[in-house]
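The values are calculated or read from the model by the stated rules, or taken from the named source; none is laboratory data. Here the structure is a predicted model, which means the values were calculated and not measured. Heads up, the Cβs are rebuilt from the backbone with ideal geometry, glycines too, and the neighbour counts pull from every protein chain shown.
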Amino acid sequence: MRVTFLTPAPTAATARGAFPADEPLDARGRAWAEVARGRTVRVDRALRGPETACGQTCAALGVAAEVDPGLAGWDLGGWAGRCLDDVAAERPDAVAAWLGHPAAAPHGGESLDALLARTRAWLGGRETGHTLVVCGNAVVRAAVVVVLGAPASAFWRLDVGPLTRTVQRVGPPRRSVRVTAAPLRDNPDR
């Protein structure tokens, strides 16, 4: 099967470099999505995370996608909506633990290990065919780490920007990453 992951268009948190907090697309995000309308591929099904930006990105692209709770963004608890630099200035030990230990969740949300496990379970439950998935960049990064069989620390070395696509072939016995973080508005997946 093939999965084309698509990250939502930019939000105010994206512009500020803040952790997502279920915010809507900003003006730039709406413009990017409008430019990309019609550049998605034919798929057998479309799914999306429950976040507002995922729904608005799908609407702007003209994609009817079913909400899948398993695609929810990374729960960063009390850090949602805040910038990493601000949190690090207040709680440097907590940030160091979070970045250095995949089981740590000092923000009161989901640990990196939990995100990877959730993503692995989601990928394992997929059927055949081609699925378009619109979800946050942390879920996409986790899917790349899982498919590559990379250590959790590889998550921090992946950069997946807004409105980019990552294409994976997933199915026993082989999993592969075909494309990662390719801008949809400039390079349609054809």
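Given the condition among the β-branched types (Val, Ile, Thr) and touching a Lys or Arg at 6+ places or on another chain (Cβ under 7 Å), answer yes or no: does some residue in region 58-72 qualify? Full working, then the answer.
Of region 58-72, the ones among the β-branched types (Val, Ile, Thr) are 63, 67.
From what's left, touching a Lys or Arg at 6+ places or on another chain (Cβ under 7 Å): 67.
Yes, that holds for at least one residue.
Failed condition for Glu51, given (1) among the acidic types (Asp, Glu); (2) within 22 Å of Asp159 (Cβ to Cβ); (3) surrounded by fewer than 15 Cβ atoms within 10 Å (Cβ to Cβ), with all others met?
(3)
Within region 77-125, how many residues are in contact with a strand residue (DSSP E or B) (Cβ under 7 Å, 6 or more places away or on another chain), farther than 17 Å from Ala150 by Cβ and either surrounded by 19 or more Cβ atoms within 10 Å (Cβ to Cβ) or not small (Gly, Ala, Ser) (or both)? Write out each step before concluding.
Within region 77-125, the subset in contact with a strand residue (DSSP E or B) (Cβ under 7 Å, 6 or more places away or on another chain) is 81-83, 123.
From what's left, farther than 17 Å from Ala150 by Cβ: 81-83.
Going one step further and asking which of them are either surrounded by 19 or more Cβ atoms within 10 Å (Cβ to Cβ) or not small (Gly, Ala, Ser) (or both), we end up with 82-83.
Result for region 77-125: 2.
Among the listed residues Thr14, Thr57, which satisfies the condition of being part of a helix (DSSP H, G or I), in contact with a Pro (Cβ under 6 Å, 6 or more places away or on another chain), at pLDDT 95 or above and surrounded by 15 or more Cβ atoms within 10 Å (Cβ to Cβ)? So that I can check it myself, show each step before the final result.
On the way: Thr14 fails: at pLDDT 95 or above.
The conditions single out Thr57.
Do any residues in region 117-132 that are aliphatic (A, V, I, L, M) and in a strand (DSSP E or B) have Cβ atoms under 9 Å from those of residues that are at pLDDT below 85 and surrounded by 11 or more Cβ atoms within 10 Å (Cβ to Cβ), where the two are at least six apart or on different chains, and which pairs are they?
Leu132/Thr40; Leu132/Val41
Considering only residues of region 28-50 that are among the aliphatic types (A, V, I, L, M) and over 18 Å from Pro183 (Cα atoms), which is modelled with the lowest pLDDT? So that I can check it myself, show each step before the final result.
Of the residues in region 28-50, the ones among the aliphatic types (A, V, I, L, M) are 31, 33, 35-36, 41, 43, 46-47.
This time we only want the ones that are over 18 Å from Pro183 (Cα atoms), so: 43, 46-47.
Values: Val43: 88, Ala46: 95, Leu47: 96.
Looking at residues that are among the aliphatic types (A, V, I, L, M) and over 18 Å from Pro183 (Cα atoms), I get Val43.
Being charged (D, E, K, R), closer than 16 Å to Ala138 by Cβ and surrounded by 15 or more Cβ atoms within 10 Å (Cβ to Cβ): is that true of Asp26 here?
Working: charged (D, E, K, R): yes; closer than 16 Å to Ala138 by Cβ: no; surrounded by 15 or more Cβ atoms within 10 Å (Cβ to Cβ): yes.
Against the criterion (charged (D, E, K, R), closer than 16 Å to Ala138 by Cβ and surrounded by 15 or more Cβ atoms within 10 Å (Cβ to Cβ)), Asp26 does not qualify.
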